[in-house]
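One structure is given here, and the rest of the page talks about it.
The values are calculated or read from the model by the stated rules, or taken from the named source; none is laboratory data. The structure presented is a predicted model; accordingly, all values stated were derived computationally and were not measured. So basically every Cβ, Gly included, is an ideal-geometry build from the backbone, and we count neighbours across all protein chains shown.
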Ligand SMILES: C[S@@+](CC[C@H](N)C(=O)[O-])C[C@H]1O[C@@H](n2cnc3c(N)ncnc32)[C@H](O)[C@@H]1O
């Protein structure tokens, strides 16, 4: 008999199909507002909370995501759903002083944190890094002309967007043909024993620590619930193909807790 470890409060009747944020079910329209307000509220302690709940792993995962883009000096890069701008700063190093990096997020306090953390200090002297800007904007309607970027990265963002397919089509529009996309996102743990332990951690320690450090009542309950409703690796690769991307690949990290997806923008109309 196959081993099936299931936690009824995660897998059972308590999680019907549909959208659920925090501990109560809400409509898709409410969810957009909920997500924006939630990320705005947790922005000041977002980095610290991330470091605590991931035991610091989010930074090496982000570095590997940027490495997957294979950025070259002078390129134009976008960090979408940038939060406090970790990826944007890593990409800025990679594209050098003649390159440019833009961070976009729809939560104004996240953008304020990103800009503050990225501001050059007076000791920096002549700029060694790229031109950088952080803008408030919606992933589903980006304020850029077609083919504005050579590379786009999204870390832990797509899952929170109301219509991920619409966001991917927008990314495709603003990438030049052949431009690269790297996505770091929670994924599906294939090993059932590890998955059960991970579920237990997510809905107990992670949720508790997240609440304690962030001070938000349910942002770190929303997190594991949204992950359980998110696409697995195969579905994510399919979605990339359906939205115009080619050569899509997936690499699991930490037993599939997260995955890095890499793809290229296919020719327009592909
Ligand atoms: C989990 S955080 C990730 C932040 C950052 N990329 C990181 O990895 O630390 C998700 C971010 O996506 C942003 N976001 C969610 N939906 C968005 C949308 N439709 N347009 C732009 N940003 C969005 C949120 O405001 C939040 O800052």
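Details
- The range 48-70, subset modelled with pLDDT of 95 or more and near the ligand (Cβ under 10 Å from one of its atoms), residue surrounded by the fewest Cβ atoms within 10 Å (Cβ to Cβ): 59
- One residue from 20, 45, 36 being more than 21 Å from residue 263 (Cα to Cα), surrounded by fewer than 21 Cβ atoms within 10 Å (Cβ to Cβ), away from the ligand (no atom under 15 Å from the Cβ) and modelled with pLDDT under 95: 20
- On inspection, residue 73 passes the criterion of being more than 13 Å from the ligand (Cβ to nearest atom), over 17 Å from residue 183 (Cβ atoms) and touching a residue at least 12 places away in the same chain (Cβ under 8 Å).
- Index of the failed condition, residue 175 passing every other in (1) modelled with pLDDT under 95; (2) away from the ligand (no atom under 16 Å from the Cβ); (3) under 27 Å from residue 102 (Cβ atoms): (1)
- Residue list for the range 198-210, filter: closer than 17 Å to residue 56 by Cα and touching a helix residue (DSSP H, G or I) at 6+ places or on another chain (Cβ under 6 Å): 202, 206, 207, 209, 210
- Annotation note: of 248, 267, 196, 234, the sole residue that is away from the ligand (no atom under 12 Å from the Cβ), more than 22 Å from residue 39 (Cβ to Cβ) and in a strand (DSSP E or B) is 248.
- Output for the range 89-106, where each listed residue is in contact with a helix residue (DSSP H, G or I) (Cβ under 7 Å, 6 or more places away or on another chain) and either within 14 Å of residue 183 (Cβ to Cβ) or assigned to a helix (DSSP H, G or I) (or both): 89, 90, 91, 94
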